[in-house]
Amino acid sequence: MLRSVVGTRYVTPLRAGGSLPGLVEADDDGLYVVKFRGAGQGVKALVAEIIVGEIARALGLLVPDLVLVEIDAELGRAEPDPEVQELITGSAGVNCGIDFLPGSFDYNPGVADSIAPDVAAAVVWLDALTTNVDRTPRNPNMLVWHGRTWLIDHGAALYQHHGARPLAERAREPFPMIADHVLLPVASSVADADERLAALLDEAAIARVVALVPDDWLGPDPDGARVSYVAYLTARLAAPRGFVAEAEAARVA
Ligand SMILES: Nc1ncnc2c1ncn2[C@@H]1O[C@H](COP(=O)(O)OP(=O)(O)OP(=O)(O)O)[C@@H](O)[C@H]1O
Ligand SMILES: [Mg+2]
């Protein structure tokens, strides 16, 4: 289970984020970057945050702690900005919180050395597996904190779940967008990363991660939705993994 906290104070919006995430203090005295359920990206972006963030963690990559944040509509009452107020009042209930990394700065592709080549290859492998379109030079979605690179912002991953067709049917579709990945120029072999990483994930591991998503975000049939996420990711993981060949071809191109 993910830890649950209650939001006690809305501190400030993070204007850099397209979904207008906010910094929220919680009843455990922690500070969290909250992705709001009422944001334009919809609740599926929160599902992707949890599934992809926790898969990354299972692969040994650095991801800030993820928590569920209970938001009371009252929390927005004093907000002067009507856009923020509407977002908070429209997000009453369970939201996604990411542990705030104080003093971190955005990963800059021009600055070398903040990520090792094999770790970069692992991130490419993760993003290819989970069809993450949001780790580009324009929008790297990584933070450097205490000299190490942390992964954030997985809300745009699993993009096929926004479509009308059943997810599991789409598991073997190509993912050419991997060619835009910010880490391709600094990554070592994605095929070698595959040998290390594929062994860490199986259907049971995927199911454990998918089980962390609250029912509330999964529509009228949460268990059915979980089955389809597990089937989708398990099918992507089945050998031969087309996403690995695709990512490796983009890397050497
Ligand atoms: N855990 C964190 N600790 C510190 N800063 C963070 C954290 N999470 C996000 N930020 C800051 O907030 C910005 C926006 O966060 P994030 O990328 O998750 O939001 P978003 O709305 O999905 O953004 P976009 O769609 O524009 O990429 C980040 O670029 C980063 O500067
Ligand atoms: Mg972002």
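The values are calculated or read from the model by the stated rules, or taken from the named source; none is laboratory data. Please read these numbers as outputs of a predicted model, since none were measured by experiment. As a convention, Cβ positions derive from the backbone with ideal geometry for all residues, glycine included, and neighbour counts pool all protein chains shown. These area figures cover heavy atoms from the full protein model, side chains too; ligands, DNA and RNA do not enter into them. Shrake-Rupley method; radii C 1.70, N 1.55, O 1.52, S 1.80 Å.
Annotations
- Residue within the stretch 94-113 that is within 15 Å of ligand 2 (Cβ to nearest atom), more than 28 Å from Leu167 (Cβ to Cβ) and of a type in the set (S, T, N, Q) present: yes
- Number of residues in the stretch 67-92 that are in a loop (DSSP other than H, G, I, E, B) and hydrophobic (A, V, I, L, M, F, W, C) equals 2.
- In the stretch 1-57, of all residues being of a type in the set (Asp, Glu) and outside any loop (DSSP other than H, G, I, E, B), the one that is least open to solvent (accessible area, probe 1.4 Å) corresponds to Glu49.
- All of Leu66, Leu151, Leu143 fail the test of being over 17 Å from Gly40 (Cα atoms), out of contact with any helix residue (DSSP H, G or I) (no Cβ under 8 Å at 6 or more places or on another chain) and within 15 Å of ligand 1 (Cβ to nearest atom), apart from Leu143.
- Only residues that are open to solvent by 20 Å² or more (accessible area, probe 1.4 Å) and within 14 Å of ligand 1 (Cβ to nearest atom) were counted in the stretch 110-139, giving 6.
- Of all residues in the stretch 114-151 being touching a strand residue (DSSP E or B) at 6+ places or on another chain (Cβ under 6 Å) and assigned to a loop (DSSP other than H, G, I, E, B), the one that is farthest from Leu201 (Cα to Cα): Ser114
- The condition of being free of Cβ contacts under 8 Å to residues at least 60 places away in the same chain, surrounded by fewer than 17 Cβ atoms within 10 Å (Cβ to Cβ) and of a type in the set (Lys, Arg) holds for only one of Arg172, Arg165, that being Arg165.
- Scanning the stretch 23-60 for residues that are within 14 Å of Asn95 (Cβ to Cβ) and touching a helix residue (DSSP H, G or I) at 6+ places or on another chain (Cβ under 7 Å) yields Lys35, Phe36, Arg37, Gly38, Ala39, Val43, Lys44, Leu46, Val47.
- The stretch 11-31: number of residues that are away from ligand 1 (no atom under 15 Å from the Cβ) and either closer than 11 Å to Leu75 by Cβ or out of contact with any Lys or Arg (no Cβ under 9 Å at 6 or more places or on another chain) (or both): 2
- Residue match in the stretch 88-110 (condition: β-branched (Val, Ile, Thr), within 30 Å of Ile71 (Cβ to Cβ) and touching a Pro at 6+ places or on another chain (Cβ under 7 Å)): yes
- Residue match in the stretch 218-236 (condition: assigned to a helix (DSSP H, G or I) and exposed (fewer than 13 other Cβ atoms within 10 Å of the Cβ)): yes
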